[in-house]
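Some notes on the structure that comes next.
The values are calculated or read from the model by the stated rules, or taken from the named source; none is laboratory data. Computed from a prediction, not measured in an experiment: that's the story for all the values here. Methodologically, a virtual Cβ is constructed for each residue, glycine included, from the backbone with ideal geometry; neighbour enumeration extends over all protein chains shown. These area figures cover heavy atoms from the full protein model, side chains too; ligands, DNA and RNA do not enter into them. Shrake-Rupley method; radii C 1.70, N 1.55, O 1.52, S 1.80 Å.
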Amino acid sequence: MSTGLRAAMPPHPLFFREGRGPRLTDVDGHTYLDYVLGWGPVILGHGHPGLSTAVAAQLPRGATFGAGHLLEPEVAETVIARVPGAERVLWSNTGSEATQIALRLARACTGRRRFIKFGGHYHGWSDAMLVGYRPDAEGRFGLGSRGQSTQAMEDVTVAPWGDLETVRELLRETDGDYAAVFCEPVLCNSGVLAPPPGFLEGLVDVCRVTGTVLVFDEVITGFRMAHGGAAQRYGVEPDLTVLAKAVAGGFPLAAVAGRADLLDVTTTGVVHAGTYNGNPVVLAAAAATLTALDAPEVYDDFERRGRDLADGLRAVLTGSGVPATVHQVGPVVQCIVGVRDSTSFDDFMQADQDFYDRLIVEMLSRGVFALPGGRWYLSTAHSDPDINETVEVFSDALDAVLEAGPPPGGH
Ligand SMILES: Cc1ncc(COP(=O)(O)O)c(C=O)c1O
């Protein structure tokens, strides 16, 4: 069985045999240009030689030791050298685990309980964090899953992304009891929205003044939007940064990096556990991935190819008269069909997802694998000809959808 969201991907769950560079081959032998990249981690493309060699070299030397090994400090030093504000690093396995330990650190260090997050931001599937991701039919933000503890709601306030005044007011409430503010510094999970100018700086200031821990969830943006992630791209320094996905090129590794005084409390009674935390196999993968991402042209190429893909998709949509918006930040592109000039989370929520689902099915049948919801990830393995091929496929797929049914509702 395919799991969770993957089982719900249109037209039906897909089963792949292998991946090479930017392409996947399914069990029936069809190949696809891959813009899903494992939902983001596969930043070097599939089967990257340096990454494969590093992991293969580690495997016969042991999978996990339940004790320290030299790759832990070595890769931590690399993270510290790249990520703004990183003085210490804690290793975890997944982004969902790492956001929880970030919250625990913030609570331990401030003695406060609650946190602020923003509507549409995703910080993993845990009971504590899966709140305020999508509004209900009445536009209210609440729990994200059946079976979740209703208590989660008591610990969180959901604010509108970009609204600094609301955050300031909340943090100045004397009984607000806020330990932390969490955000995706680029709202990748809901429209690939860059932060409004000055917003991240404003969060840094108000958190500093009120003694609140600012957590950048860079699970998507880390090592992707720049060497040092979104914090480097926008020139700001959070207190804590959560990393996952790209950091190990497809292997399950996550991290919390940040201020020494916040992370050092794990030596004085704050529990950060996990059998597989920082095992040598995933850290060998991380060392190789971060080395590959050090090549001088990587982030310039991401920017240029991201722009080329976004421009290509935009031109096709405009040429077909389909109301749409295409956003791009670095190697992440977002297609919002059915909404012209989309600039906000609310606009993103107006996108015609049924139309887009039909579009990705038509793309799949022509050899392009893209995420439902409109986000596209580029890897270092995608070339200029791959982008050109993709834009042609997108154009043919759009024609097919428009021939078969009505255009998307326009906003
Ligand atoms: C911004 C963000 N934070 C946290 C997570 C959770 O990470 P994981 O799926 O590794 O648990 C995700 C996953 O997509 C994410 O996009």
* Under 8 Å between Cβ atoms, at least 6 apart or on separate chains: pull out the pairs that start in the stretch 185-206 with a residue that is assigned to a loop (DSSP other than H, G, I, E, B) and end on any residue that is within 15 Å of the ligand (Cβ to nearest atom) and of a type in the set (Lys, Arg). => Val192/Arg375
* Answer yes if at least one residue in the stretch 278-299 is assigned by TED's automatic domain parsing to the domain that holds Glu77, buried (at least 20 other Cβ atoms within 10 Å of the Cβ), in a loop (DSSP other than H, G, I, E, B) and touching a residue at least 60 places away in the same chain (Cβ under 8 Å), and no otherwise. => yes
* Would you tally the residues in the stretch 8-49 being over 23 Å from the mean Cα position of the chain (by Cα) and hydroxyl-bearing (Ser, Thr, Tyr)? => 2
* Residue check, Ala67 against (1) open to solvent by less than 40 Å² (accessible area, probe 1.4 Å); (2) farther than 22 Å from Gly228 by Cα, all met but one. Which one? -> (1)
* Asked: Only one of (1) surrounded by 21 or more Cβ atoms within 10 Å (Cβ to Cβ); (2) of a type in the set (Ser, Thr, Tyr); (3) over 19 Å from Leu214 (Cα atoms) is not met by Tyr122, so which one is it?
  -> (3)
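Looking for whichever is surrounded by fewer than 16 Cβ atoms within 10 Å (Cβ to Cβ) and more than 16 Å from the ligand (Cβ to nearest atom) here; the options are Gly147, Gly228. Which one fits? Break it down into steps so the answer makes sense when it comes.
On the way: Gly228 fails: surrounded by fewer than 16 Cβ atoms within 10 Å (Cβ to Cβ).
None of the others qualify; the one that does is Gly147.
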* Structure fact -> Of the residues in the stretch 232-270, those that are more than 16 Å from Val332 (Cβ to Cβ), touching a Pro at 6+ places or on another chain (Cβ under 6 Å) and within 16 Å of the ligand (Cβ to nearest atom) come to Gly250
* **Residues being within 12 Å of the ligand (Cβ to nearest atom) and either in a helix (DSSP H, G or I) or free of Cβ contacts under 8 Å to residues at least 12 places away in the same chain (or both) - total across the stretch 104-128** => 0
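Quick check on this structure: which one of Arg340, Arg375 is basic (Lys, Arg) and open to solvent by 30 Å² or more (accessible area, probe 1.4 Å)? Give the derivation first.
On the way: Arg375 fails: open to solvent by 30 Å² or more (accessible area, probe 1.4 Å).
None of the others qualify; the one that does is Arg340.
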* To do: Output the number of the condition that Pro41 fails; it satisfies all remaining conditions of (1) assigned by TED's automatic domain parsing to the domain that holds Thr212; (2) in a loop (DSSP other than H, G, I, E, B).
  => (1)
* Restrict the check to the stretch 87-102 and report whether at least one residue is more than 30 Å from Glu392 (Cα to Cα), part of a loop (DSSP other than H, G, I, E, B), open to solvent by 20 Å² or more (accessible area, probe 1.4 Å) and within 16 Å of the ligand (Cβ to nearest atom). => yes
* Asked: Cβ-Cβ below 9 Å, separation at least six or inter-chain, first residue in the stretch 212-236 and on the phi > 0 side of the Ramachandran plot and hydrophobic (A, V, I, L, M, F, W, C), second within 11 Å of the ligand (Cβ to nearest atom) and open to solvent by 10 Å² or more (accessible area, probe 1.4 Å): which pairs?
  -> Phe223/Lys245
* Asked: Is there any pair linking a residue in the stretch 154-181 that is open to solvent by less than 50 Å² (accessible area, probe 1.4 Å) and part of a helix (DSSP H, G or I) to one that is at pLDDT 95 or above and among the basic types (Lys, Arg), with Cβ under 9 Å and at least six apart or on different chains, and which?
  -> Asp155/Arg113; Asp155/Arg114
* Search the stretch 238-252 for residues that are outside the structural domain of Ala381 (by TED's automatic domain parsing) and of a type in the set (Ser, Thr, Tyr) and pair each with any residue that is away from the ligand (no atom under 11 Å from the Cβ) and part of a loop (DSSP other than H, G, I, E, B) when their beta-carbon atoms are under 7 Å apart and the residues are at least 6 apart or on different chains. => Thr241/Val83; Thr241/Gly85; Thr241/Ala86
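Could you identify the single residue in Gly95, Gly66 that is modelled with pLDDT under 95 and either under 18 Å from the mean Cα position of the chain (by Cα) or not acidic (Asp, Glu) (or both)? Working first, answer last.
Numbers: Gly95 fails: modelled with pLDDT under 95.
Among Gly95, Gly66, only Gly66 is modelled with pLDDT under 95 and either under 18 Å from the mean Cα position of the chain (by Cα) or not acidic (Asp, Glu) (or both).
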